[in-house]
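Bear in mind these aren't lab numbers, they're just calculated from the coordinates by the rules spelled out. What you see is a predicted model, and the numbers here were worked out from it, not measured in a lab. Neighbour counts run over all protein chains shown; Cβ positions are idealised from the backbone, glycine included.
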Amino acid sequence: MTSSRPDASSEGPRLPSFWEAALSLLALIMGIGVSIVIYGLDPQIPMLLGVIMASLIGWRCGYSWGDIQDGMVKGITNALPAMIILLVVGILIGVWILAGVVPTLIYYGLDLLSPSIFLPATVVICAIASVATGTSWGTSGTIGVALMGVGGGLGFPLPVVAGAVLSGAYFGDKMSPLSDTTNLAPAMAGTDLFTHIRHMSYTTGVSIGLTLLIEIGLGLHYGGGAGDMARIQTLLSTIEAHFTISPVLLIPPLLVLLVSYRKMPAIPGITVGVIAGAICAAVFQGADFARIMSVAFGGFSAETGVEDVDSLLSRGGFESMLYTLSIIIVAMMFGGVMERTGQIGVVAAKVLTLARSTGSLVLSTVLTCIGANLVLCDQYMAIVMGGRTYADAYRERGLAPENLSRALEDSATVTANLVPWNSGGAFQAATLGVATLAYLPFNFFCWLSPVVTVVFGYMGWTITPLAPEARETPEED
């Protein structure tokens, strides 16, 4: 039988060198950077060039095309649940606008929230919702969308509002016992859930505290006055003229929060919200079956004659998420090849050799997880990779596993949405209608978290030593 590898020896594929793996990363980053920054192009084709380079490096190391293709397919398969959620959220947004759910939330928000407290209030509201439900995606796709409309109506720049929404949403994603990541990180590090949450509270408390202080300052800067009351009044009257506004229309979002709290999985939970929205569209807005189905696919197109309202409410639909899906698919192809051919492991091992102190070990963990979000394009894969790579290193240094689990959450969980081609970044950009790089500077909690945890590592603050009884590894399980 003839081998399909370039070297048909029986030894099998070899491990890539660091420079070979780095070349694949460089091809991806340079391709995306040049295409987006210099030419303003879409990222999909430049990312495919990165896939080609990673595949060539894998082939050079002795992997067959079958191996490389399996890596691509596995990478895409890992992202399928996220892609399905993305499509369902697109449908949800369109149907909720048609039903008057989003207009009602915007209407009450404009009527009740003061401009000066809007940004810190947004962080707190999203944090509470995310802690209660355990999902940043569900929070941003429901309450977050409405708050984007409120913020736009109050005159805030949308990237600033998106940063506040995501800061609150990801606080809950990393602190809620209902969150997938909050359960995955301690499992990978070797500690229990509530020890992990308690240990995170130190760094997370500092990060969210700094975030709220910044948001208070920004709120005073953008909304220190009474706001443009004439503009707000125009928005209110236009929404009221084109939609039936009723407290009953708050039921669909409350229902989604309830089923999330009851631990219903995300896809059926959001689908419940879609069905409730469709019923409300028929009952309150007089929409027929054909209209509901049309909006579910193509999104809602507002034609009120008031540009501000039309820009706020012309959104959503299955079709609106297809562009984002194409980014996720190509990104996961690249991540799958890098993982299957061992290239990402080689880079992580190189980083680990630089960790000579507790602070540098925490820094290495953070950089590896951020790098994994850049390359593997999925926060769950970043957590798994960070946990696998560093669990033994923390134990050998005499550090309790909760130090590792905290570093994983303070980096892998919160930075996924800062990468445009990561499933997290692509989802949030599509859901909130703001480009990832536009909201990144204002997403204070998510970029402060890794900085704070590194500072704690170097200063030795709240670094827990390994318990004496855990220092001895049993000879047999």
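Quick notes on this one:
- Part-to-part distance (alpha-carbon centres) for segment 368-413 and segment 210-274, which is given in Å: 34 Å
- Under-5 Å amide H pairs with residue 399, H placed in peptide plane, nonlocal only: 466
- Backbone phi angles across segment 347-353, fed through the Karplus curve with coefficients 6.51, -1.76 and 1.60 (θ = phi - 60°), yield HN-Hα couplings of 5, 5, 5, 5, 4, 4, 5 Hz in residue order; Gly and Pro are listed as x.
- Interchain or long-range residues, amide H under 5 Å from residue 314's placed H: 302
- Sites residue 201 and residue 112, calculated FRET efficiency, Cβ-Cβ separation with R0 35 Å, nearest 0.05: 0.70
- Computed from phi, the 3J(HN,Hα) profile of segment 100-106 under the Karplus parametrisation 6.51, -1.76, 1.60 (θ = phi - 60°) reads x, 5, 5, x, 5, 4, 5 Hz, with x in place of Gly and Pro.
- Candidate cross-link partners of residue 174 among the lysines, defined by an alpha-carbon separation under 19 Å and a same-chain spacing of 8 or more, comprise 263.
- Across the alpha-carbon atoms of segment 48-173, the computed radius of gyration and Dmax are 20.2, 64 angstrom.
- Segment 319-428 - Rg (one decimal) and Dmax (whole number), Cα, Å: 14.5, 52
- Calculated from backbone phi, Karplus (6.51, -1.76, 1.60) coupling profile of segment 442-452 in Hz, x at Gly/Pro: 9, 8, 4, 4, 6, 9, 6, 4, x, 5, 5
- Mean projected area of the Cα convex hull of segment 266-366, taken over all directions, amounts to 11.5 nm².
- Each of the peptides 150-158, 285-293, 44-52 was scored by the mean count of other Cβ atoms within 10 Å over its residues; in descending order, highest first, they stand as 150-158, 44-52, 285-293.
- Listed peptides 272-284, 168-180 by packing density, highest first (mean Cβ within 10 Å): 168-180, 272-284
- Quotient of the Cα radius of gyration of segment 1-121 and 2.2 N^0.38 Å, N being its number of residues: 1.73.
- For the Cα trace of the chain, dividing Rg by the Kirkwood Rh returns an Rg/Rh value of 1.01.
- Between residue 267 and residue 307, full extension at 0.36 nm per residue minus the direct alpha carbon distance yields a gain of 11.1 nm.
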